[in-house]
Amino acid sequence: MIRPRPVARLGELRLLVWVAAFTLAGYVAVVAAASGRFAWYEIVVPIAVLAIFGALHLFLASIGFRGDQLLLPISVGLTGIGFILVERLAPGLLLQQLSWLVIAAGAFCVTILIPRDLSVLARYKYTWALLGVVLLVSPLLPVVGREINGASIWVGVAGVVQFEPWEFVKIALVIFFAAYLEEYREVLSTPPRRLGPIPVPPIPYLLPIVGMWLVAMLVMVFEKDLGATLLFFGIFLAMLYLATGEPFYVVIGLLMLVAGGFVAYHAFAHVAARVDVWLAPFNSDLRFDQAYQLTQGLFSLANAGLLGAGLGNGMPEQIPVVWSDFVFDAFTEEVGFVGALALLAFYLVFVYRGMLIALRAPTTFLQLLAAGLSFIVAFQTLVIVAGNAKLIPLTGITLPFVAYGGSSLVTNFMLAAVLLRVSDITARVRR
Amino acid sequence: MEITFAVILWAVRIAFLVLLYLFLIRAFRALHRSLSDEHIAVTARQVGLAALVVIRSHAGGPRVGERLPLRAVSSVGRDAGNDVVLNDEAASTKHAIVSFADGDWWLEDAGSTNGTLLNGSRIWDKERFHYGDEVAVGRIALRLERAQ
């Protein structure tokens, strides 16, 4: 193996300095507001977090990585905001989240180094599909499955460790979709017959759509996870559209989703409950019962105003499970509209950058892969922020990089690493 | 003492928001810079170093007036893999080479069946190709022009 020559990644380094600055400022504000004084030994944890960020930068520079220089600062910037919020909302979980960050950083480096050639991923597409399905149904298995907060989306060994397999499933599925659509997109995008403006592909080509729809519906019904259903089917439709350029598939997919949702609303109590809570959270039967979390979140948002209550000065702890489900409301309450806008801008930059990486990628597989991964981040952000703001029914999706959660953090770092790998390949091909 | 603490705390809170935006401004600037770099790269690819302008063609060939960008070494021929594709039955799969060397453009026949005409006369060697010169392949004629 040729010894890699280190490169300077100055753009990345400069941005990381700003990440360090705002992470420290936010953390200090939160700690000082809670304890009533400034104690310098308190900043050990954020310094450790920032050291890990710096180590990732040095790692990329030392292996001569030539990929994007904006994605890492944006990702770790969001992670920094996440640590501020964990300290604010659940200080007891801070060290746990720090150890997850170490694992996430390790997963990031491993993803950067292996696989040497990303296109190899495409060759094992049915392995990825199988892995995805196994992980997807694993929470339903008797020994390892756990039901937490009404959603059977957890796998764990009692009391030792538990994780949400769904988080890993999304990446496996995007790899599978990208490889599958690369192979079949010509067949799918040139339907032989047309009925007016509507293309009529032969039945076999519609099977994957129907299959994905069935799996999505099963997840909704058996794992009681609306978010996973939306994300799963959303990714599939978006990637299908990207690959074929045929809006018809999206329309038919959305119609099937709406139809399935309608039937599920009438047939399953837990689906109906989510929708009822969304439609009328202040209903006297729901206000202090099922809708409690959502209404507390709405009060939290209402308390925000333009500049917010000030970090550490609001009352987001009044929202149940705020650190994983309602971080957006908590953050907004304390930093106001101005801060919330900044947070959304972070995601905007991430997704825009991801889509640019996709546009420039040299092969169809890499393009679809990068676009699908960016879409995950975009879609998750939209679904959870809209859920927190009562624009759509609330789902258990996490806010990428920011919300407390180990499996989510590890997966998001791996996702960013794959995007970086695609941009690195592009940089090397173009030279 | 109490008041100073509150003031400093608010200063830190506001500093957090300001830093957040300073970071974002730099991130957006980096995004913008790479986008305009991309624009320049794309334009360079479309404009080329020079262009062959179509001055005579036929129904199946390139449109008259169309500018076909040239690279430092461009292949001309009927095959779609060429840099300049000429859809004419008299054109060979790989017909001619246009290259830039020693500050000049050069035209060379690549062993075509029906030959390449430079300003009306068939070429046998690598010929100097001046701006304004016309090259004819089959029923298609092209003029070398500077990049715009």
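The values are calculated or read from the model by the stated rules, or taken from the named source; none is laboratory data. Fair warning: this is a prediction, and the values are worked out from it, not measured in the lab. When we count neighbours, we look across all protein chains shown, and the Cβ atoms used for this are built from the backbone with ideal geometry, even at glycine. Accessible surface areas use protein heavy atoms only, side chains included; no ligands, DNA or RNA. Shrake-Rupley method; radii C 1.70, N 1.55, O 1.52, S 1.80 Å.
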Listed residues A:37, A:66, A:287; largest mean-square fluctuation, Gaussian network over chain A with Cα springs below 10 Å, found at A:37
Expressed as a whole number, the average count of other chain Cβ atoms within 10 Å around the Cβ atoms of A:31-38 is 2
Across B:29, B:71, B:56, the residue with the highest GNM fluctuation in chain B (Cα network, 10 Å cutoff) is B:29
At q = 0.14 1/Å the base-10 log of I(q)/I(0) from the Debye formula over the alpha-carbon atoms of the stretch A:55-141 is -0.77
Of the candidates A:385, A:326, A:365, the farthest towards the positive dipole end of the stretch A:316-396 (Lys/Arg Cβ +1, Asp/Glu Cβ -1, centred on the Cα centre) is A:365
Residue-normalised value, i.e. accessible area per residue, for the protein assembly as shown at 1.4 Å probe, in Å², stands at 46 Å²
Heavy-atom accessible area of residue A:315, protein chains in place, probe 1.4 angstrom, given in Å² to nearest 10, is 110 Å²
The answer for the longest stretch of chain A without any exposed chymotrypsin sites (Phe, Trp or Tyr not before Pro) (DSSP loop, at most 12 further Cβ atoms within 10 Å) is A:1-281
To the nearest 20 debye, the stretch A:1-127 has a Cα-centred charge dipole, built from +1 on Lys and Arg Cβ and -1 on Asp and Glu Cβ, of 440 debye
Contact order relative to length for chain A, counting C-alpha pairs under 8 Å separated by 6 or more residues, stands in percent at 22 percent
Given chymotrypsin sites (Phe, Trp or Tyr not before Pro), DSSP loops and at most 10 other Cβ atoms within 10 Å, the longest exposed-site-free stretch of chain B is B:1-123
Here the convex hull volume per residue of the protein assembly as shown, taken over Cα atoms and given in Å³, is 208 Å³
Two pseudo-spin positions, 7 Å from Cα along C-beta at residue A:315 and at residue A:58, lie apart in nanometres by 4.6 nm
Largest fluctuation, A:172, A:272, A:389 only, Gaussian network model of chain A with Cα springs under 10 angstrom, belongs to A:272
Taking R0 as 56 Å and r as the Cβ-Cβ distance between residue B:106 and residue A:113, the FRET efficiency 1/(1 + (r/R0)^6), rounded to the nearest 0.05, comes to 0.75
Listed by chain and number, the lysines with an alpha carbon less than 26 angstrom from that of residue A:224, same-chain partners under 8 positions apart left out, are A:170, A:390
For chain B, using Cα atoms only, the Rg and Dmax in Å read 27.5, 96
Non-local residues with an amide H under 5 Å from the amide H of residue B:56, with H modelled 1.01 Å from N and Pro and chain starts lacking one, are B:141
Note: A vs B interface, total accessible area buried (1.4 Å probe; ligands, DNA, RNA excluded), nearest 100 Å², is 2700 Å²
Dividing the mean separation of Cα pairs under 8 Å (6+ apart) by the residue count of the stretch A:223-321 yields a relative contact order in percent of 15 percent
Quick calc: nm separation of the 7 Å Cα→Cβ label points for residue B:33 and residue B:66 -> 3.9 nm
Dividing the mean separation of Cα pairs under 8 Å (6+ apart) by the residue count of the stretch B:1-134 yields a relative contact order in percent of 12 percent
Within 10 Å of the Cβ of an average residue in A:342-351, the count of other chain Cβ atoms is 3
Toy charge model, Lys and Arg Cβ at +1, Asp and Glu Cβ at -1: the stretch A:263-369 dipole around Cα centroid in debye, rounded to 20, equals 540 debye
Between the residues B:16, A:266, B:130, the Cα farthest towards the positive end of the dipole of the protein assembly as shown, that dipole coming from +1 and -1 charges on the beta-carbon of Lys, Arg, Asp and Glu, is from B:130
With every protein chain in place, the accessible area of residue A:62 for a 1.4 Å probe, in Å² rounded to the nearest 10, comes to 60 Å²
Of the candidates B:65, B:25, B:81, the farthest towards the positive dipole end of chain B (Lys/Arg Cβ +1, Asp/Glu Cβ -1, centred on the Cα centre) is B:25
Along principal axes, largest first, the alpha-carbon spread of the stretch A:338-431 in whole Å comes out as 46, 27, 22
Taking a straight Cα-to-Cα line shorter than 15 Å from residue A:125, and setting aside same-chain aspartates and glutamates fewer than 8 residues away, one finds A:117, A:182, A:183
Computed on Cα atoms, Rg of the stretch A:270-341 relative to 2.2 N^0.38 Å comes out at 1.14
Quick calc: nm separation of the 7 Å Cα→Cβ label points for residue B:58 and residue A:130 -> 5.7 nm
Phi-derived 3J(HN,Hα) across the stretch B:78-90 with the Karplus relation (6.51, -1.76, 1.60, θ = phi - 60°), rounded Hz, x for Gly and Pro, is 7, 5, 5, x, 6, 5, 10, 9, 10, 8, 9, 5, 7
Distance in Å, no decimals, from the C-alpha centre of the stretch A:292-367 to the one of the stretch A:1-77 is 20 Å
Given unit charges at Cβ for Lys, Arg (+) and Asp, Glu (-), the dipole magnitude of chain A about its Cα centre in debye, nearest 20, is 1520 debye
Of the accessible area of the stretch A:300-373, computed with a 1.4 Å probe and all protein chains kept, carbon and sulfur make up a percent value of 68 percent
Here FRET efficiency (C-beta to C-beta, residue A:37 to residue B:40, R₀ 56 Å, nearest 0.05) is 0.55
The computed P(r) of the stretch A:194-343 puts the percent of Cα pairs beyond 28 Å at 42 percent
For the residue A:248, residue B:117 Cβ pair and Förster radius 60 Å, calculated FRET efficiency rounded to 0.05 is 0.75
